[in-house]
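Have a look at the structure below, then the notes.
The values are calculated or read from the model by the stated rules, or taken from the named source; none is laboratory data. For clarity, every value in this text was computed on a predicted model and none was experimentally measured. Note: ideal-geometry Cβ built from the backbone for every residue, glycine included; neighbour counts use all protein chains shown.
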Amino acid sequence: MPNDAPSAATATATDHLPLSGLVVLDLTLARAGPTAVRHLADWGADVIRIEPPPTPGAEDIAGNRDGFDFQNLHRNKRAIQLNLKDPAGHEAFMRLARTADVVIENMRAQVKHRLKVAYDDVRAVNPRIVYGSISGFGQDGPYGHRAGVDQIAQGMGGLMSITGLPGQGPVRVGIPIDDLTAGNLLAMGIMMALFDRTRTGVGRWVQTSLLEAQIFMLDFQAARWLMAGEVAKQAGNDHPTGIPTGVFPTSDGNINIAASSARLWERFCDTIGKPEWKAVEAWKTQKGRSADRAAINAAIGAVTRTQPANHWIELFESNGIPCGPIYSIDQVFADPQVQHLRMARMMKSPVIGDKPVVASALNISGFEKDIRLPTPAAGSSTDAVLQSVGYSPAEVAELRRKGVI
């Protein structure tokens, strides 16, 4: 990692970002791997996305390049095309890897070994490399050879058994949570390995999987089983252990209310105009409220449905009781706090025009997180990247003639 960076106080988006000087080779596909890469790209790394040259009549492995998904995932990168199956293409990759800091991939284990771009292959030419991998179920073991996708991991990782209404049957979460979580975790692991490298001079292989990410995200629900032998069930919109926490009706929609602690419960009763609820013996403890949650929810709903959502949100918030609206996605981006946070940032693309994409959720003092580079066209930086590692224009032209790039 660079040691001569200017201080954060003087850094600007145009001359320096936290990861400026870091070179990343991106071999990822789908979503989990690109999610990890996006963290590094957004914060200044020079990310070189490597894809195979197009095959006549074959479908583009990237899918719809101009669509919202690809454009949102692959901003702030450069892109090259390189046939890793060709010896000349493999040599070009290894020449790039010799001076790179990070390689990230989410291929099946046997694929990267067959292409000879696995960790041991790259480490042989660059012992400082930090190599990041995401798989479906782990790099080895009984399921190490299997391909994995988000919904399969949601099911195998227990999430679908606790999502949805009681008795509804398994329900997937509305986002690819395992892909996203695995990508987030890998990015964090890569930064740990880079920090370790500043002391040791040696790179590491950082791995996670969709299954591990999902089990990690079970968090207290997993701990309930491991430590207390309790198997969590579906609880719908109710918090599984903290009552009352859930969705309640108003005269013009629904709201979330969270008032599960003893102190919040008493304050909630007073605020909603039902101080007598504090005297109900069965409702005085969390255990008692949990056992009688249906009656409590019905009693709360009978009151909240008499006024509009904003009335309750303002009333509860003014009394320190967490409460909030339940938005559709268009309403999310219309919210004044979301606009203040600038979670939609404009990307200026010569291909699709000026379009907003989802911003990084991180904020680091002294740095901006605007979109520096639009999502690149396939292979748009091939010549420049290869020439930067010693290929002459004539050699690049010959590689193109042979279909290597």
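Here are a few things to note about the model shown:
A quick yes/no check of all residues on (1) within 21 Å of residue 39 (Cα to Cα); (2) out of contact with any Ser or Thr (no Cβ under 8 Å at 6 or more places or on another chain); (3) of a type in the set (Asp, Glu):
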residue: 302; (1), (2), (3): no, yes, no
residue: 305; (1), (2), (3): no, no, no
residue: 324; (1), (2), (3): no, yes, no
residue: 344; (1), (2), (3): yes, yes, no
residue: 348; (1), (2), (3): yes, yes, no
residue: 352; (1), (2), (3): no, yes, no
residue: 355; (1), (2), (3): yes, no, no
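- With respect to (1) outside the structural domain of residue 174 (by TED's automatic domain parsing); (2) under 24 Å from the mean Cα position of the chain (by Cα); (3) outside any helix (DSSP H, G or I), the lone exception for residue 231 is condition (2).
- Flag not set for residue 167, criterion: surrounded by 14 or more Cβ atoms within 10 Å (Cβ to Cβ) and more than 15 Å from the chain's Cα centre (by Cα).
- Check on residue 378, in the same structural domain as residue 43 (by TED's automatic domain parsing), at pLDDT 95 or above and under 31 Å from the mean Cα position of the chain (by Cα): yes
- Any hit, region 386-404, residues being at pLDDT 95 or above, among the polar types (S, T, N, Q), surrounded by 16 or more Cβ atoms within 10 Å (Cβ to Cβ) and under 33 Å from the mean Cα position of the chain (by Cα): no
- Set side by side, the residues 233, 274, 287 differ, and just one is free of Cβ contacts under 8 Å to residues at least 40 places away in the same chain, in contact with a helix residue (DSSP H, G or I) (Cβ under 8 Å, 6 or more places away or on another chain) and surrounded by fewer than 18 Cβ atoms within 10 Å (Cβ to Cβ), which is 274.
- Neighbours by Cβ (under 6 Å, 6+ apart or cross-chain): first from region 237-259, outside any loop (DSSP other than H, G, I, E, B); second surrounded by fewer than 17 Cβ atoms within 10 Å (Cβ to Cβ) and at pLDDT below 95: 245/239
- Of all residues in region 196-206, those being in contact (Cβ under 8 Å) with a residue 40 or more places away in the chain and surrounded by fewer than 17 Cβ atoms within 10 Å (Cβ to Cβ) number 3.
- No other residue among 55, 28 is under 19 Å from residue 377 (Cβ atoms), of a type in the set (Ser, Thr, Tyr) and modelled with pLDDT of 95 or more apart from 28.
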